[in-house]
Amino acid sequence: MGAVMTTRQSTATVDEDGQYLTFMLGGEMFALGILGIKEIIEYGSLTVVPMMPAFVRGVINLRGAVVPVVDLSARFGRAHSAITRRSCVIILEASTEDGQPQDIGLLVDTVSAVQEIPATQIEPPPSFGARIRADFISGMAKVDGKFVIVLAVDKVLSIDEMASIAEAGQAPATDLDPR
């Protein structure tokens, strides 16, 4: 059985009022439920790990723990995030299928605010038109007259999927040729 990453934030949290951390990524506003978030840190030096998928920028040492940092923009199939003074890493506490805690960092352009978003202001995810995969979206919130994409963290950080992408990226070209 493969490893499944879960956070303390359930994807069903959009059914109730809650607090969300909003942040910018590539000019768009996104939100994550705050329950799975441990802290937000300034982007610092990363150690690059060979043979990792392109969306894993590297690892950081967070008080003695090795924490992988996922470039959220690259995870969405876009270009890597440009590092600026405002770049931040959101540290999420996740756990594998066997219940082992694992922190994961998400690289974002800038963190905006923690906002209370009533469930009545969150619509179901669109079936088309979004510039990221529909299964990464748990809902579309209306905040100050603008749409904010509420992410389904469990899907974005799926260990099984990230591992299969890494394996495909490491496979020799001859293994990928169906002929």
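Does the stretch 53-64 include one or more residues that are in contact with a helix residue (DSSP H, G or I) (Cβ under 9 Å, 6 or more places away or on another chain), surrounded by 12 or more Cβ atoms within 10 Å (Cβ to Cβ) and on the phi > 0 side of the Ramachandran plot? Steps first, answer last, please.
Let us first name the residues in the stretch 53-64 that are in contact with a helix residue (DSSP H, G or I) (Cβ under 9 Å, 6 or more places away or on another chain), namely 53-57.
After this cut, where a residue has to be surrounded by 12 or more Cβ atoms within 10 Å (Cβ to Cβ) as well, the list is 53-57.
Subsequent filtering for residues that are on the phi > 0 side of the Ramachandran plot retains none.
Within the stretch 53-64, none of the residues are in contact with a helix residue (DSSP H, G or I) (Cβ under 9 Å, 6 or more places away or on another chain), surrounded by 12 or more Cβ atoms within 10 Å (Cβ to Cβ) and on the phi > 0 side of the Ramachandran plot.
Could you tell me which numbered condition Arg85 fails, if it satisfies all but one of (1) exposed (fewer than 12 other Cβ atoms within 10 Å of the Cβ); (2) in contact (Cβ under 8 Å) with a residue 12 or more places away in the chain; (3) of a type in the set (Lys, Arg)?
Result: Arg85 passes all but (2).
Name the pairs whose Cβ atoms lie under 9 Å apart, with the first residue in the stretch 102-131 and under 30 Å from Asn61 (Cα atoms) and in a loop (DSSP other than H, G, I, E, B), the second at pLDDT 90 or above and among the aromatic types (Phe, Trp, Tyr), and 6 or more positions between them or separate chains?
The qualifying pairs are Asp109/Phe23.
How many of the residues making up the stretch 27-52 are without any contact (Cβ under 8 Å) to a residue 12 or more places away in the chain and part of a strand (DSSP E or B)?
Here the count works out to 0.
Scan (1) at pLDDT below 75; (2) closer than 30 Å to Gly44 by Cβ for the single condition Asp175 breaks and write down its number.
(2)
The values are calculated or read from the model by the stated rules, or taken from the named source; none is laboratory data. All values derive from a computational prediction rather than experimental measurement. Cβ atoms come from the backbone with ideal geometry, glycine included; neighbour counts cover every protein chain shown.
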